[in-house]
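Some notes on the structure that comes next.
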Amino acid sequence: SSELASLKIRLRAAVRQIPDFPSKGILFEDIMPIFADASLHEALIRALDLHVSQTYGPDEKPDVVVGLDARGFLFGPSLAMRIGAGFAAVRKQGKLPGPCITAGYEKEYGQDFFQMQSDAIKPGQKVLVVDDLIATGGSAAAAGSLVKQLGGTLVGYVFILELDFLKGRDKLDAPVYTLLSSQ
Ligand SMILES: O=P(O)(O)OC[C@H]1O[C@H](OP(=O)(O)OP(=O)(O)O)[C@H](O)[C@@H]1O
Ligand SMILES: Nc1ncnc2[nH]cnc12
Ligand SMILES: [Mg+2]
């Protein structure tokens, strides 16, 4: 829609690119300016809400939005509330109380672990996974595996940005939507 197109232009202009952070050769996509401005923050949630309503019919609407620790927590809960879904957290290991399930994933140096609480998703619930950015896809693939371990139906992934050259989406087995074009 033309509304979505103009929201995207405003949001793209707000993302800052920082060379050589956190290490030399990395061009870091900084999304924090979006949240510094209430009207851009609203534009982000509106744009993602439009994507969800244009993509999922009344019977396919996500029941749960799953956000990834930490930057997926910046907008996952507000998107969930906007679309009338619950929110569940994927956290780095050791942060969640009670029974949890765990999935390992590859990072630039070595492995890390993600967890979800075992009751965060009920079997058969439709789940949308959200994060700020997909790079290698390792984080998102681990989150998807946790959702499936809990019996959730993965209906898609949503990112603000994608590092296309890393082909992270090839690691994911549900439809992938990226709001803004990027590196
Ligand atoms: O596709 P990948 O190669 O897995 O990389 C993408 C992930 O990397 C960043 O998170 P990071 O864990 O660096 O930090 P955060 O806690 O600030 O979200 C980013 O927010 C994504 O979650
Ligand atoms: N280039 C990048 N910018 C921001 N977050 C990232 N996570 C992994 N690569 C990134
Ligand atoms: Mg992250």
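The values are calculated or read from the model by the stated rules, or taken from the named source; none is laboratory data. Computed from a predicted structure; not experimentally measured. We place every Cβ from the backbone using ideal geometry, glycine too, and count neighbours over all the protein chains shown. Areas reflect the complete protein model, heavy atoms only, side chains present, ligands, DNA and RNA absent. Shrake-Rupley method; radii C 1.70, N 1.55, O 1.52, S 1.80 Å.
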Query raised in the report: What percent do you get for the relative contact order of region 2-180 when only Cα pairs under 8 Å and 6+ apart count?
Result: 17
Query raised in the report: Put +1 on the Cβ of each Lys and Arg and -1 on the Cβ of each Asp and Glu in region 2-180; which of Ser39, Ala5, Val90 then has its Cα farthest toward the positive end of the dipole?
Result: Val90
Query - Residue-normalised accessible area of the chain, expressed per residue, 1.4 Å probe, Å² - result: 48
Query raised in the report: Which Cα, out of Leu133, Gly151, Gly168, lies furthest along the positive dipole direction of region 131-170 (beta carbon charges, K/R +1, D/E -1)?
Result: Gly151
Report task. Restrict the search to region 15-116; then list the GluC sites (Glu not before Pro) that DSSP places in a loop and that have at most 13 other Cβ atoms within 10 Å of their Cβ. Result -> Glu60, Glu108
**Report entry** Helical mean residue ellipticity (222 nm; -39500 (n - 2.57) per DSSP H run of 4+; nearest 500) of the chain
**Finding:** -9500 deg cm²/dmol
Query raised in the report: Which residue, Ile134, Ile18, Ile101, has the most motion in a Gaussian network model of the chain that connects Cα atoms within less than 10 Å?
Result: Ile18
Query - Selection of trypsin sites (Lys or Arg not before Pro), region 50-150, meeting DSSP coil and at most 16 other Cβ within 10 Å - result: Lys95, Lys107
Report summary line: Cα-Cα longer than 22 Å, checked against Lys122/Lys167; Lys126/Lys171; Lys92/Lys148; Lys8/Lys171; Lys61/Lys148, kept in input order, equals Lys122/Lys167; Lys8/Lys171
Report task. Could you work out how far the C-alpha centroid of region 1-67 sits from that of region 113-171, in angstrom? Result -> 17
Report summary line: Quotient of Cα radius of gyration and Kirkwood radius for the chain, i.e. Rg/Rh, equals 0.95
Report summary line: With x for Gly and Pro, the residue-by-residue ³J(HN,Hα) of region 150-164, computed from phi through the Karplus equation 6.51 cos²θ - 1.76 cosθ + 1.60 at θ = phi - 60° and given in whole Hz, is 8, x, x, 9, 7, 9, x, 10, 10, 10, 7, 9, 9, 8, 3
**Report entry** Whole-percent carbon and sulfur share, accessible surface of the chain, 1.4 Å
**Finding:** 55
